[in-house]
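Single-structure report; data block below.
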Amino acid sequence: MSTVAFFVLSLVKCLIVLFILLTAVAYIQLAERKIVGRMQSRVGPTRVGPFGLLQPAADAVKFILKEDVTPDGAHKFLYILAPILAVVLALLSITVIPIGGTVTVFGIQTALQLTDINVGLLLILGVTSLGVYGVVLAGWSSNSKYSLLGALRGGSQMISYELALGLALIGPIMLAGTLSLRGIVEAQAHLHWFIVPEIVAFFIYLTAAFAETNRIPFDLPEAEGELGAGYHTEYSAMKFAMFFLAEYVNMITVSCVATLVFLGGWMGPLFGPTWLHMVLPTVYFIVKVCFFLFLYIWVRGTLPRFRYDQLMAFGWKVLVPLALANVMVTSLVVALR
Amino acid sequence: MNAETLAAHPALQRLVESVTTDRNEVTAAALRQNWRAVAEAMRQEGFDQLCDLTCVDWFPAEDRFQIVAQLHNTQTHAWLRIQTRCSAEAPAETLSTVWPAANWFEREVFDLFGVRFAGHPNLTRMLLPDAWEGHPLRKDYPVEGYR
Amino acid sequence: MATMIETPGVTVTQNEGAGGTGERSRNLILNMGPQHPSTHGVLRMVLELDGEVIVRATPDIGYLHTGIEKSAESKYYQQVVTLTDRIDYLAPLCNNLAYVLAVEKLLQLEIPRRAQWTRVMLAELTRLNSHLVWLGTHALDIGAMTVFLYCFREREELLKIFEMASGQRMMTSYFRVGGLALEPPLGLLERIENFISYFPDKIDEYEALLTKNSIWVGRTKDIGYISPADAVAWGVTGPCLRAVGLPLDLRKDSPYSSYNEFQFEVPTRTEGDVYARYLVRIAEMRESVKIVRQALEGMPEGAWKADAPGVTLPDRDQMKFSIESLIYHFKIVTEGFNVPAGQVYHAIEGPRGQMGYYITSDGGPKPYRCHMRSASFANLQALPKMIEGRLLADVVAIIGSIDIVLGDVDR
């Protein structure tokens, strides 16, 4: 493949992924409102379009048209940088996520992935760690005590749970013997889904992922009961929308990683004609990701919120030791095998 | 403790001006200088809960403010009302040292009537803004306010 | 960036460290409210924070002060009823009840049993209504959003019941001096019966979401403790007082409006924390259901207002045939009724605690002085005692647990 063709192909794939991702965010958000609404004996949005299907469009228009407020005394540069950072970092981690095997479109064979680097998982962990900068800078620069407290909480929470998250992933990595996400999925094709041997790691990952994405019951940085909206209290219009976007993209990312690492990615029974063989893996992948996203929404409809110190205690005293123990047991098993 | 035995109580007899029973409610009227002593005696007597403390403005009478406190005995469920008269110039003593609950009730009376309480720890406006002029619950304050 | 950036917007106070050790501490002053989602209206708390720990808490009230006591002095006795709705707007019928009982005590009026029982029944439904709003908002503060909407689902039916009786969902003004405003409409008892039949299951539903939920227990247990001695001394009443182990309930201790004819328990806990208050209120809801059920089963027949021509409004159909009725109606509406001089204090057990009315009459048709002793006001006073030394996140849990209504605090 020539360099030009590579660039064109990458650009096309980038645009497709961006488009799909943004639409997905919009509709996950609609789905959340609908599903939580049903759980809470409400109906959710119904007015814009059939079944409220155009609600995300209306929201987007609203976000663009709203007045963009910068509080007095805010540190302008960082105040603007923070949401950009949040959204860019969130989008960056999606680049290494494969959503299916290889396909041939118009005679070009390509992997359903923006780029397959051999340390994909490491990149994701690294980039999501950087995500905390968006939170901390937003809280610090917006000249509000609520934001500052939210940022303090967000910073410590994300750093603490990062650890458990990373440790939980080590088990599957050892079993697969690679850091490439594609490699991990293919390793599961030979063995079995890693959720079976790594069930403990799976639950640690799941819990830490909730904390990592600041969702209930770990939504302390934006605990509206105490802190207004936490680190993004002062943000409005598109800047607020960017935080919003980042949160949902992060949700998708961690769901994708959970699917790839624990649920066998796009693996599933294949049948039917050749074209179905091409489509089915992606369908399996999307279904599995949706399962995780539904879990997010379901938990939101059920649980109250942790308290800050309880959350930290839970992270450091329960999750991290458990994850370490899991790493040890797994390494022992791998060594003996 | 029924109304009669309460009215005949020695501490009350000694400290208060009059004890009346009206509509099955006992009211002990104390002189201003005895106000805190009466409260303390009644606290000793078992009236451990101060339910309410407020004021009535009998403008234009002399000693126009009547401070009224409702006491409740949480053991015997007896009720007692103690009251005294004072003026803006000659305040009564605070009861917040006897029952901490009196603190806010007295601040409210200060805010709305302009009655002071000697020895109150934090006598500041509470319901109205600090810069409010006048004391609305006084009878010489028009209902619609000063215009 | 070369220049150092000062942390923006952070007020730092310099004061001596606790215990006078001479240590300098830097505390953050945080203004919570009056516009804040979890201060249940317009309460403002000035919090001094050391990290996330509260060093000092100062409630600042008055943002909803509407001068109701002053307004009451310029209204006829029957007009004040409408003002009482607006004090504790979550328990309007309990306010009505406390007020009319105080005036009836001044008038020495006998109320027919049917009116008394209806009052008890509706007051208990009001308690349910108030507790449902409390549970919903309390759970919402702690992050359990679903409970909030479940509670409001049941509350909706209660509001419809109130609307059926009085024509109003919230500002009911249904209890009047001498009885009720209107005869209870046909079908009201059936509707209440229907509600009562399914409501206990709904309480189970809320409890399934919260009572044994370890996050909920972790957020509420051993938090906001107040000792029994402190609680009594600070004038704390209602469920907050019963949660420290004191079985004080005016419905039992100083029965009014024929509460002595009903069998019910006074639930208490001894822990004195947020969780105990939660359990007490949940148990109270079940007791209220019992009282309403007894009222439905034994509802007496007869008059729904006292036979006191100068005080209660005459029947509409009477007025078409009887000149006396017409005259009475005209006189009561235009110039009120005179109330013998004297002073009374009548307290009832409202959903939040002791709701007392102190009324002084000078013999005229308007109250000379009408003071409302509200439970929220006294309970709020004890709030700093529960908060200080706790974490910021506990503040919302504790405020929720004492169940204040700012209309009730500020009047």
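The values are calculated or read from the model by the stated rules, or taken from the named source; none is laboratory data. None of these values were measured; they are calculated from a predicted model. Note: ideal-geometry Cβ built from the backbone for every residue, glycine included; neighbour counts use all protein chains shown. Heads up: the accessible areas ignore ligands, DNA and RNA and are worked out on the full protein's heavy atoms, side chains in. Shrake-Rupley method; radii C 1.70, N 1.55, O 1.52, S 1.80 Å.
For this structure, a couple of remarks:
- Between A:Val334 and B:Ala11, the simple label model (points 7 Å from Cα in the Cβ direction) yields a spacing of 7.8 nm.
- Cα gyration tensor shape of the range C:60-188, rounded if a/c is under 1.5, else prolate or oblate by comparing a/b with b/c: oblate
- Packing here is the average count of other Cβ atoms within 10 Å per residue, and on that basis the peptides B:94-104, C:152-162, highest first, run B:94-104, C:152-162.
- Solvent-accessible area per residue in the range A:66-336 equals 39 Å², computed with a 1.4 angstrom probe and all protein chains kept.
- Residues in the range A:1-29 reached by a label modelled at A:Lys62 [backbone nitrogen below 16 Å; 7 Å Cα→Cβ]: A:26-29
- Phi-derived couplings, Karplus 6.51 cos²θ - 1.76 cosθ + 1.60 at θ = phi - 60°, listed residue by residue for the range C:29-46: 8, 10, 8, 9, x, x, 9, 8, x, 10, 9, 6, x, 10, 6, 10, 10, 9 Hz, with x used for Gly and Pro.
- For the range C:124-243, projected area of the alpha-carbon convex hull averaged over all directions, nm²: 9.5 nm²
- For chain A, the alpha-carbon coordinates run over 58, 48, 47 Å along the three principal axes, in decreasing order.
- A simple spin-label model places pseudo-atoms 7 Å from Cα toward Cβ; at A:Ile84 and B:Glu89 they are separated by 7.2 nm.
- Mean separation of Cα pairs under 8 Å and 6 or more residues apart, divided by the residue count, gives the range B:3-92 a relative contact order of 26 percent.
- Measuring nothing but alpha carbons in the range A:121-246 and taking Rh as the Kirkwood radius, the Rg to Rh ratio lands at 1.08.
- Interchain or long-range residues, amide H under 5 Å from B:Glu25's placed H: none
- Relative packing of A:277-285, C:364-372, which averages over residues the other C-beta atoms within 10 Å, highest first: C:364-372, A:277-285
- Classification of the range A:290-337 by its C-alpha gyration tensor yields an oblate form. The axis ratio a/c (a ≥ b ≥ c) is 1.5 or more, and b/c is at least a/b.
- Only protein heavy atoms count here, probed at 1.4 Å, and on that basis chains A and C bury about 3100 Å² of accessible area in total.
- Relative contact order for chain A, counting Cα pairs under 8 Å that sit 6 or more residues apart, in percent: 22 percent
- Of C:Val409, C:Val46, the residue with the largest accessible area leads and the full order is C:Val46, C:Val409 (1.4 Å probe).
- Members of C:Lys75/C:Lys320; B:Lys139/C:Lys105; C:Lys160/C:Lys290; A:Lys34/A:Lys288 lying beyond 22 Å, as alpha-carbon distances in this model show: C:Lys75/C:Lys320; B:Lys139/C:Lys105
- Amide H contacts under 5 Å for C:Arg44: C:Asp60, restricted to partners 5 or more places along the chain or on a different chain, H placed in the peptide plane at 1.01 Å from N.
- Taking a ≥ b ≥ c as the square roots of the eigenvalues of the Cα gyration tensor, the range A:1-64 is classed as prolate, since a/c reaches at least 1.5 and a/b is larger than b/c.
- When the inverse distances between all different Cα atoms of chain C are averaged and flipped, the Kirkwood radius reads 22.7 angstrom.
- In Hz, Karplus ³J(HN,Hα) per residue of the range C:146-156 (6.51, -1.76, 1.60; θ = phi - 60°; x = Gly, Pro): 5, 4, 4, 6, 4, 5, 5, 4, 6, 5, 4
- Accessible area of C:Asp307 in the full protein assembly, 1.4 Å probe (Å², nearest 10): 150 Å²
- Modelled FRET efficiency - R0 51 Å, A:Leu53 with C:Asp315, Cβ distances, 0.05 increments: 0.35
- Less than 5 angstrom separates the built amide H of A:Asp219 from those of A:Phe306, all sequence-distant by 5 or more or on a different chain.
- Reduction of at least 20 Å² in accessible surface, 1.4 Å probe, comparing all protein chains with the chain by itself, residues of the range A:31-62: A:Met39, A:Gln40, A:Ser41, A:Arg42
- Calculated [θ] (222 nm, deg cm²/dmol) that DSSP helices of n ≥ 4 give over the protein assembly as shown, each run adding -39,500 (n - 2.57): -16500 deg cm²/dmol
- Ranking of B:His135, B:His120, A:His190 by solvent-accessible surface, largest first: A:His190, B:His135, B:His120 (1.4 Å probe, protein heavy atoms only, all chains present).
- Set of lysines near A:Lys76 by C-alpha distance (under 16 Å), chain-local residues within fewer than 8 positions excluded: A:Lys239
- Label point 7 Å beyond Cα of A:Asp72 along Cβ direction - residues of the range A:228-243 with amide nitrogen under 16 Å: none
- Protein accessible area in the range C:314-376, 1.4 Å probe - carbon and sulfur %: 58 percent
- Expressed as a fraction of 2.2 N^0.38 Å, the value expected for a compact globular protein of N residues, the C-alpha radius of gyration of the range C:260-411 is 1.47.
- Helix axis angle, C:392-402 relative to chain C longest principal axis, alpha carbon, degrees: 20 degrees
- Between the beta carbons of B:Asp63 and C:Met170, assuming R0 = 60 Å, the FRET efficiency works out to 0.90 to the nearest 0.05.
- For the peptide B:45-58, the mean number of other protein chain Cβ atoms found within 10 angstrom of a residue's Cβ is 5.
- Computed across the range B:3-92, the Kirkwood radius stands at 13.2 Å (inverse of mean 1/r, all Cα pairs).
- The protein assembly as shown - share of DSSP beta bridges that are antiparallel (%, nearest 5): 90 percent
- Radius ratio Rg over Rh of the protein assembly as shown, counting only Cα atoms, Kirkwood formula for Rh: 1.06
- Chain C: relative contact order as a whole-number percent, Cα under 8 Å and 6+ apart: 24 percent
- Across peptide C:139-150, the mean count of Cβ atoms from other chains lying within 10 Å of each residue's own Cβ comes to 6.
- The string of couplings for the range C:77-89 from the Karplus curve (6.51, -1.76, 1.60, θ = phi - 60°) is 4, 6, 7, 5, 3, 5, 6, 5, 4, 8, 7, 9, 6 Hz, one whole number per residue in order, with x for Gly and Pro.
- Equivalent-ellipsoid semi-axes of the range A:177-318, from the Cα gyration tensor, Å, largest first: 33, 19, 12
- Taking every residue in C:250-260 and counting other chain Cβ atoms within 10 Å of its Cβ, the average works out to 1.
- Rounded accessible area per residue of chain B, 1.4 Å, Å²: 43 Å²
- Interface B-C: total buried accessible area of about 3600 Å², 1.4 Å probe, protein heavy atoms only.
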